[in-house]
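The values are calculated or read from the model by the stated rules, or taken from the named source; none is laboratory data. All values derive from a computational prediction rather than experimental measurement. Every residue, glycine as well, gets a Cβ built from its backbone with ideal geometry; the counts of neighbours run over all protein chains shown. Just the protein is used for accessible areas: all its heavy atoms, side chains included, with ligands, DNA and RNA removed. Shrake-Rupley method; radii C 1.70, N 1.55, O 1.52, S 1.80 Å.
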Amino acid sequence: SLPAKVKIVDVGPRDGLQNEPAPVPAEIKIGLVQRLQDAGLKNIEVTSYVSPQWVPQMADNHQVMAGIARQQGVVYSVLTPNLKGFAAALPDRPDEIVVFGSASEAFSQKNINCSIAQSIERFAPVVQAARAAGIAVRGAMSCAVGCPYEGDVAPERVAYLAGLMKQIGVQHVGVADTIGVGTPRKVRRAVQAALQHYGIDAVSCHFHDTYGQALANTLATLEMGLWQYDSAVAGLGGCPYARGATGNVATEDMVYMLHGMDIETGIDLDKLVDAGAYISRFLGRKPHSRAASALLAR
Ligand code: HMG
Ligand code: MG
């Protein structure tokens, strides 16, 4: 049976903007976070603490975190790939940190410059430090269905990574179809693999809409009992180390579908569309969302 309520993490300010070639000023990112929380988002992935050589767009992480007007009840999360990133993030008081591994070896190397096993060694002290500081920890599992370098990724690889994440104390894992190649049966198998190590309340999905499958994949996993999803306002996004991968599934499209199914999100769709229009105006393009386009044309 379908959940009555779904939690959406808007990853637009981070996953959505990290790959933008032209710098997006911190004040615009802060304005985006503000509009997302005004629209009712209770979970926002704000930025990452990664190498500015690797991802220049996120080099303003401190400025953005310092500039947001925090709202009670909103969880602000950030990416921290290693202890250096975690130490940089800590004074900015994130509510949640995300360590991000990969189900495929090649993507692990390209994205974070180490093997899966090495990544786990790097994450372990980060997880420990975060838990000691009372900060929640999520583990993103990239390329859980397909990899831009290796092709299809077997569910066993996802189970393997989830098991390692579990061993080091990661509390929640996100099954991420980084390049958006998944279809309903494939993503279900990837989720099943994660469920070998984590309970249904500790697994989320992160879909990219490269092949237009993200809503179908969402429905397929809602039917398994999942109720937590990442998406990005205006369908922003793309990973710098995953060529050809287009945006995250648009939060507007997710919300339109969920509300149409009488599933609560706590999000005001009109205000969300405004948030998407705001960042799209800045980027000089239309929102990459069918629902937003339809609503803006009314
Ligand atoms: P590395 O070069 O192996 O790191 O990079 P290192 O430890 O050898 O250090 C090299 C240099 O980087 C040193 O500087 C360090 O200080 C610095 P130098 O002494 O040469 O001046 N450094 C850092 N600087 C800032 N913050 C840090 C940090 N760590 C080291 N945390 C590293 C390893 C992970 C840092 C690098 O590979 C990196 O930054 N990669 C970027 C990864 C990234 O942000 N990818 C995009 C996010 S993942 C994603 O989008 C997928 C996801 O959304 C799921 C999905 O969509 O499916 C999660
Ligand atoms: Mg992503």
In Å, descending, principal axis extents of the Cα set of the chain: 51, 41, 34
Cα Rg, Dmax, the stretch 249-298, angstrom units: 10.7, 34
Segments 21-28, 114-121 sorted - mean Cβ within 10 Å per residue, highest first: 114-121, 21-28
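How large, in percent, is the carbon and sulfur part of the accessible surface of the stretch 52-125 at a probe radius of 1.4 Å?
Values: 1730 of 3240 Å².
Roughly 53 percent of what the probe reaches on the stretch 52-125 is carbon or sulfur.
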The stretch 204-276-the stretch 90-138 distance, computed between alpha-carbon centres (Å): 24
For the stretch 119-233, convex hull of alpha carbons as volume per residue, Å³: 105
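Give the dimensionless ratio obtained when the Cα radius of gyration of the stretch 86-185 is divided by 2.2 N^0.38 Å. List each step's numbers first, then the result.
Numbers: Rg = 13.6 Å, N = 100, 2.2 N^0.38 = 12.7 Å.
Compactness ratio reported: 1.08.
Using only the alpha carbon atoms of the stretch 63-129, find the Kirkwood hydrodynamic radius as the inverse mean reciprocal pair distance, in angstroms to one decimal. Working shown, then result.
Working: mean 1/r = 0.0770 Å⁻¹.
Roughly 13.0 Å, rounded to one decimal.
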Within the chain, helix-based [θ] at 222 nm, where runs of 4 or more DSSP H residues each add -39,500 (n - 2.57), nearest 500: -12000 deg cm²/dmol
Where Rh is the Kirkwood radius over Cα pairs, Rg/Rh for the stretch 123-177: 1.05
Distance violations [Cα-Cα > 19 Å] among 7/42; 29/286; 29/271; 7/110; 7/271: 7/110
Tail beyond 24 Å, pair distance distribution of the stretch 166-298 (Cα, percent): 31
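Please list 157, 122 in order of solvent-accessible area, largest first, computed with a 1.4 Å probe with all protein chains present.
122, 157
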Taking the convex hull of Cα positions in the stretch 213-275, its mean projected area over all directions (nm²): 4.8
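Roughly how large, in nm² to one decimal, is the mean projection of the convex hull of the alpha-carbon atoms in the stretch 1-117?
Working: hull surface 35.6 nm².
Taking a quarter of the hull surface, the average projection is 8.9 nm².
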